[in-house]
Amino acid sequence: MNIKKIILSLLAMFAAVTARAQFDTHFTHYWALQGYYNPAVAGLSGRLNMYGTYAMQMAGYTNAPTTMLVGADMALPTEKKNQAVSANIYNESIGLFTNQRLFAGYAYHFDLWGGHMGMGISAGSLEQKFDGSKVEAEESNDAAFPTSEVDGMGLDLTAGVHYTHQLFYAGVSVMHLTAPTIELGETNEIEIDRTYYFSGGSNIQLRNPLLSIQPSLQLMTDLQAWRADFTIRGTYTYDEKRYYAGLTYSPMTSVAILLGGEINSVSFGYAYEIFTSGVRLIYGSHDLYVGYVMDVDLFKKGRNKHKSIRIL
């Protein structure tokens, strides 16, 4: 494949997602992956929380993006459990490009206005790779295109605050706080802009004790492009098991269908995103999610009891 075809393929993909921020992957299960976007969320449940997701964006297109994220957070074994740590591993492939992030975070929580305030920061490495050995440029001696695999790395920081109340939650965070510049070889570099996030949601219990509704939203922008997601899920709870179905609408971008649930300590979900900007229905995006929550008490003897209380 020559360089013109590569560029045209990438332009076709990103033209269909004009409302997305320029660098970060958008996950349809954003409401379940708050710890990835905002380190202040770590430890809110007071338990060990593990999660993973795999996204196949615009499936069917050549060089379409695929993304994997694995993360965990837990409250430190202090008396008040008001401190927490987190870790995330992120890997994204877009054609000949690969983006990798490995970062760890710390959060501090305290009571405020009848709710719970968290402040957090995470730090790690952001590495980018480009496999130039697979490029067939029309001019083989063009110095702008490397002929071998090149990579670069930079320091990446994320900071945020998150407030949880009995009726709602809301958070604000900034990813790529250092706005790192990644050098790929001797002639190329990629500048990563800061990306700002706002998230919020609530859990509304209906008159029927088995039914509830979870509205949520996420706004993201790098001050050049933006994306908004509005989600509504309906949840049925029976015998400590939860099942949900819902929809997400992103203006000028897409509509997504959500299905999932929670059995014992395991949560799971699947989403299919349908783009509204001229992309065919079969070229949507698949998003898979799985999570696990368990009690961890290092000061008690015997086995840890496992039980999940995640509803947002």
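Bear in mind that the values in this text are calculations on the coordinates, not laboratory data. None of these values were measured; they are calculated from a predicted model. In this analysis, Cβ positions are derived from the backbone assuming ideal geometry, glycine residues included, and neighbour counts consider all displayed protein chains.
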Report summary line: Proxy exposure order for VAL266, VAL293 (fewest C-beta within 10 Å first) is VAL266, VAL293
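Report the net charge of residues surrounding ALA55, where surrounding means a beta-carbon distance below 11 angstrom and charges are Lys +1, Arg +1, Asp -1, Glu -1.
Summing Lys and Arg as +1 and Asp and Glu as -1 gives -3.
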Report summary line: Rounded to two decimals, the Debye log10 I(q)/I(0) of segment 82-122 (Cα scatterers, no solvent) at q = 0.32 Å⁻¹ is -1.00
Query raised in the report: What is the order of LEU96, LEU167, fewest Cβ neighbours within 10 Å to most?
Result: LEU167, LEU96
Query raised in the report: What FRET efficiency comes out for the pair THR276/ARG207, r = Cβ-Cβ distance, R0 = 41 Å, nearest 0.05?
Result: 0.75
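Please arrange SER216, SER93, SER265 by how many other C-beta atoms lie within 10 Å of their C-beta, fewest to most.
With the fewest neighbours first, SER216, SER93, SER265 line up as SER93, SER265, SER216.
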Report summary line: With a Förster distance of 25 angstrom and the Cβ-Cβ distance between HIS286 and MET153, calculated FRET efficiency to the nearest 0.05 equals 0.25
Report summary line: Contour minus Cα-Cα span, VAL174 to LEU219, at 0.36 nm per residue, comes to 15.0 nm
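Please work out the FRET efficiency for the pair LEU167 and ASP131, using the Cβ-Cβ distance as r and a Förster radius of 30 Å; give the result to the nearest 0.05.
Approximately 0.05, to the nearest 0.05.
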